[in-house]
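The values are calculated or read from the model by the stated rules, or taken from the named source; none is laboratory data. Owing to the predicted nature of the structure, the values given are computational and were not obtained by experimental measurement. Neighbour counts are summed over all protein chains in view; Cβ atoms, including those assigned to glycine, are modelled from backbone coordinates with ideal geometry. Side chains are part of the model used for accessible areas, which takes the heavy atoms of the whole protein and leaves out ligands, DNA and RNA. Shrake-Rupley method; radii C 1.70, N 1.55, O 1.52, S 1.80 Å.
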Amino acid sequence: MSQAVQERIAFLTEELNKHNHLYYVESNPIISDFDFDMLLKELQDLEAKHPEYASELSPTKRVGGDITKKFQSVVHRYPMLSLSNSYSEEEIVEWEQRLKKLAEGPIEYVCELKYDGVAIGIRYENGKFSRAVTRGDGTQGEDVSANVKTIRSIPLTLKGNFAADFEIRGEIFFPRKNFEALNAQREELGEPMFANPRNTASGTLKSQDSKVVAERGLDCYLYGVYGDDLPFESHLESVNGVKEWGFKTPLEKDKYIHKTNSIEGIMEFIHFWDKERFNLPFDIDGIVIKVNNYEQQQDLGFTAKSPRWAIAYKFKAERVSTILEEVTYQVGRTGAITPVANLKPVLLGGTVVKRASLHNADQIEKLDLYLGDEVYVEKGGEIIPKIVGVNEAVRSNAAEKVNFIEYCPECNAQLHRRDGEAQHYCTNDLICPPQVKGRMEHFISRKAMNIDGLGAETIDLLYQKGLASSVADLYDLTFDQIVNLDRMADKSANNLMKGIQDSKTIPFERVLFALGIRFVGETVAKNLAAAFKHIDAIAKASYEELIAVDEIGEKIAIAVQQFFQDEKALATIERLKQAGLQFEIEEVELASNKLEGKTFVVSGVFSKFSRDEIKDLIEKNGGKNVGSISAKTSYVLAGENMGPAKLEKASSLGIAIISEDDFIGMIG
Ligand code: IVH
């Protein structure tokens with residue numbers, strides 16, 4: 001039996017690694033996502049039943065879960081230097097001429113993209129991922145292994161004829177698409193948006209919760225190998241060689257890397273990417289040029305901070321000037337006011353720019369803007385172009401200063417700016433149309449109540465006709481009211497009625513998410529529902545009780561309490577209760593409350609009960625199961641063969657480790 005299990009685990013691991021590589025490195029999947037998920041699920045189940053065979057490098061680890069309270073400092077085996085930067089083509093020409101004098105024989109150069117992300121060094125021992133360390137100060141960095149392991153394009157085990165012990169370096173970055181999706185999600189939750197992919201990649205990599213990293217979709221290109229016994233004689237050979245070991249490296253066919261022996265070849269590469277960079281799926285901030293041959297590299301050596309054999313050419317952020325025609329103000333779902341500069345259309349970085357975000361009142365003040373100003377617009381690391389300056393010399397004396405509005409452009413209510421916040425808000429949330437409609441749109445969205453047949457357009461119509469101005473109104477709609485809306489046929493009206501009806505069975509945690517409480521996203525809603533079971537309990541919960549819940553901190557606790565102090569919110573909830581929505585989770589009948597307030601991590605194999613039976617017993621006696629050990633864990637219930645990493649973690653956090661018999665004693 002156990003051998004069969006072990007073999008199956010090995011088989012699934014190999015299959016999943018293969019498909020992972022095909023999908024994330026080769027961009028050439030050969031099975032469907034569904035089939036992949038089935039294989040993954042099978043492996044997860046097997047590992048849960050037989051934790052003694054679960055490897056630290058299993059593909060199931062890609063979803064994260066490990067928490068790092070404090071990143072360990074690690075001294076780099078090879079110092080992590082930086083490149084000397086140049087901002088003009090002349091500097092590159094001078095560098096190349098200098099090298100010609102210094103080096104022996106003809107020189108080959110390799111041109112590469114300069115990825116705009118965070119440097120990482122990853123050590124592999126005997127074909128296995130062993131440790132990933134950030135650059136830090138170049139001499140020592142931080143061990144961010146748990147987070148890096150969740151990046152799917154980074155192999156956990158190698159294939160082919162790999163070297164026994166080496167370090168590979170590269171750049172971790174946020175692909176633009178994933179970054180935009182993250183910001184869209186934050187906007188929906190009313191959370192502040194991230195400014196640019198690079199800083200967000202860097203922040204994400206330092207996240208304590210590796211699950212967050214796994215969800216965000218970082219990626220990585222690898223550009224250099226270091227080791228005492230490597231089978232390569234040149235840089236390009238190494239980049240192409242380690243690809244065979246499973247690494248994602250820049251490909252010549254994509255023009256991401258190119259060998260040349262002349263300054264003309266280097267310039268051609270620079271000019272090509274200066275234009276094309278805007279069409280890449282990720283940000284680059286320049287080009288790196290390296291001497292290809294390792295022996296020549298060694299002869300050229302280093303200055304104090306950087307190698308002589310490489311140089312970076314940094315792109316200038318493209319800047320154009322245009323006219324500021326008008327400043328308008330957008331009102332978001334949460335009432336946040338965003339000023340927007342409306343510009344005379346101008347070509348920038350390959351796209352026509354008509355608008356630029358001005359962020360907030362302080363930004364307008366800082367720029368000292370007047371209508372009709374000639375402004376400089378730049379597209380730097382940020383996705384949205386920004387105004388970086390004003391040409392005051394050409395400003396007319398009659399120009400009108402831009403003053404931040406005092407009243408909401410949508411509902412005329414007075415705006416407020418909370419202490420310590422940069423954003424102005426319209427707090428007239430019950431009346432202000434974009435807030436009212438935005439709340440309804442969030443409520444019906446797929447991850448919330450998922451009401452079939454209802455979209456933003458219909459919400460708009462319902463609102464305009466005075467049929468719905470609160471989510472509770474949706475449950476009072478009649479077939480006749482709906483069918484009379486523009487472009488609404490019998491069939492779609494029926495669909496909508498059914499969608500509304502069906503939403504009454506949506507579980508409590510999603511109803512809670514749908515209410516649109518500030519900062520309460522899907523996960524927080526799930527944790528709140530699990531912890532308090534009933535909406536009334538959440539409404540009554542004290543600040544201390546709220547922050548005791550997983551992943552709930554000060555900011556969220558305050559937002560939850562504020563929400564439930566709002567009479568109007570309570571009235572809406574009352575109406576939704578009357579309509580029959582789910583406001584509690586299905587209760588398991590409690591055998592006792594002996595374990596109330598206690599959280600358990602159950603691990604290993606037990607002799608009297610199965611693991612699932614034990615977990616059931618914990619819940620039936622009022623306790624709570626959690627997946628990973630944290631400072632909040634009360635007990636680790638350890639069976640046979642519990643992994644050494646977990647044991648170590650539990651004892652380092654001073655958490656009691658109890659046996660099956662201790663547990664039986666606890667519940668009597
Ligand atoms: S090679 C000895 N190649 O730029 C330096 N670096 O200031 C070896 N970077 O810290 C670095 N793309 O984070 C190299 N293709 C590339 C790069 C690259 C981005 C970053 C890296 C490094 C910084 C250099």
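Determine which member of the set ARG123, ARG131 is more than 15 Å from the ligand (Cβ to nearest atom), farther than 18 Å from ALA214 by Cα and at pLDDT 95 or above. Break it down into steps so the answer makes sense when it comes.
Details: ARG131 fails: farther than 18 Å from ALA214 by Cα.
Residue meeting the stated conditions: ARG123.
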Please work out if ILE556 is β-branched (Val, Ile, Thr) and buried (at least 19 other Cβ atoms within 10 Å of the Cβ). yes
Exactly one condition in (1) open to solvent by 60 Å² or more (accessible area, probe 1.4 Å); (2) within 30 Å of VAL601 (Cβ to Cβ); (3) assigned to a helix (DSSP H, G or I) is not met by ARG62; state its number. (1)
Please count how many residues of the stretch 138-163 are within 16 Å of the ligand (Cβ to nearest atom) and of a type in the set (D, E, K, R). 1
I'm checking my understanding of the structure. Among residues of the stretch 413-450 that are of a type in the set (A, V, I, L, M, F, W, C) and in a loop (DSSP other than H, G, I, E, B), which one is most open to solvent (accessible area, probe 1.4 Å)? ILE431
Mind counting the residues in the stretch 166-184 that are surrounded by fewer than 15 Cβ atoms within 10 Å (Cβ to Cβ) and either closer than 30 Å to PHE563 by Cα or over 20 Å from the mean Cα position of the chain (by Cα) (or both)? 3
Every residue in the stretch 10-38 that is loosely packed, with under 14 Cβ neighbours inside 10 Å, within 23 Å of the chain's Cα centre (by Cα) and assigned to a helix (DSSP H, G or I), please. ASP33, PHE34, ASP37
If GLY453 satisfies all but one of (1) among the small types (Gly, Ala, Ser); (2) open to solvent by less than 20 Å² (accessible area, probe 1.4 Å); (3) over 29 Å from TYR425 (Cβ atoms), what's the number of the condition it fails? (2)
When both residues are 6+ apart or on different chains and their Cβ atoms are under 7 Å apart, which pairs have a first residue that lies in the stretch 115-134 and is open to solvent by 50 Å² or more (accessible area, probe 1.4 Å), and a second that is assigned to a loop (DSSP other than H, G, I, E, B) and not hydroxyl-bearing (Ser, Thr, Tyr)? ASN126/ALA164; LYS128/LEU57
Close pairs from the stretch 433-445: first among the basic types (Lys, Arg), partner open to solvent by 10 Å² or more (accessible area, probe 1.4 Å), Cβ under 6 Å, at least 6 apart: LYS437/TYR463; ARG439/GLY516
Identify, by number, the condition in (1) away from the ligand (no atom under 16 Å from the Cβ); (2) of a type in the set (S, T, N, Q); (3) open to solvent by less than 30 Å² (accessible area, probe 1.4 Å) that GLN44 doesn't meet. (3)
Might you let me know whether the stretch 86-94 holds any residue that is over 20 Å from LEU16 (Cβ atoms), among the polar types (S, T, N, Q), more than 15 Å from the ligand (Cβ to nearest atom) and in a loop (DSSP other than H, G, I, E, B)? yes
Test: residue in the stretch 197-208 that is more than 16 Å from the ligand (Cβ to nearest atom) and either among the aliphatic types (A, V, I, L, M) or not in a helix (DSSP H, G or I) (or both): yes
Go through (1) at pLDDT 95 or above; (2) crowded, with 18+ Cβ neighbours inside 10 Å; (3) closer than 19 Å to LEU222 by Cα and name the single condition TRP95 misses. (3)
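A quick yes/no check of all residues on (1) touching a residue at least 12 places away in the same chain (Cβ under 8 Å); (2) part of a helix (DSSP H, G or I):
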| position | (1), (2) |
| --- | --- |
| LYS594 | yes, no |
| LYS608 | yes, no |
| ASP612 | no, yes |
| LYS615 | yes, yes |
| ILE618 | yes, yes |
| ILE629 | yes, no |
| ALA645 | yes, yes |
| GLU648 | no, yes |
| PHE663 | yes, yes |
Of the candidates PHE166, PHE194, the one satisfying the condition of being within 16 Å of the ligand (Cβ to nearest atom) and aromatic (Phe, Trp, Tyr) is PHE166
Hits in the stretch 95-120 (condition: of a type in the set (A, V, I, L, M), touching a helix residue (DSSP H, G or I) at 6+ places or on another chain (Cβ under 7 Å) and within 15 Å of the ligand (Cβ to nearest atom)): VAL110, LEU113, VAL118, ILE120
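Return yes when ALA548 is at pLDDT 95 or above, hydrophobic (A, V, I, L, M, F, W, C) and more than 16 Å from GLY516 (Cα to Cα) and no when it is not.
No: the conditions fail for ALA548.
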Please find, within the stretch 299-355, the residue that is farthest from the ligand (Cβ to nearest atom) out of those that are in contact with a Pro (Cβ under 6 Å, 6 or more places away or on another chain) and open to solvent by 80 Å² or more (accessible area, probe 1.4 Å). LYS354
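Yes or no, residue by residue, for (1) in contact with a strand residue (DSSP E or B) (Cβ under 6 Å, 6 or more places away or on another chain); (2) in a loop (DSSP other than H, G, I, E, B); (3) surrounded by fewer than 19 Cβ atoms within 10 Å (Cβ to Cβ):
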site	(1), (2), (3)
GLU187	no, no, yes
TYR221	yes, no, no
GLY246	no, yes, no
PRO250	yes, yes, no
ASP254	no, yes, yes
PHE272	no, no, yes
LYS275	no, no, yes
PRO281	no, yes, yes
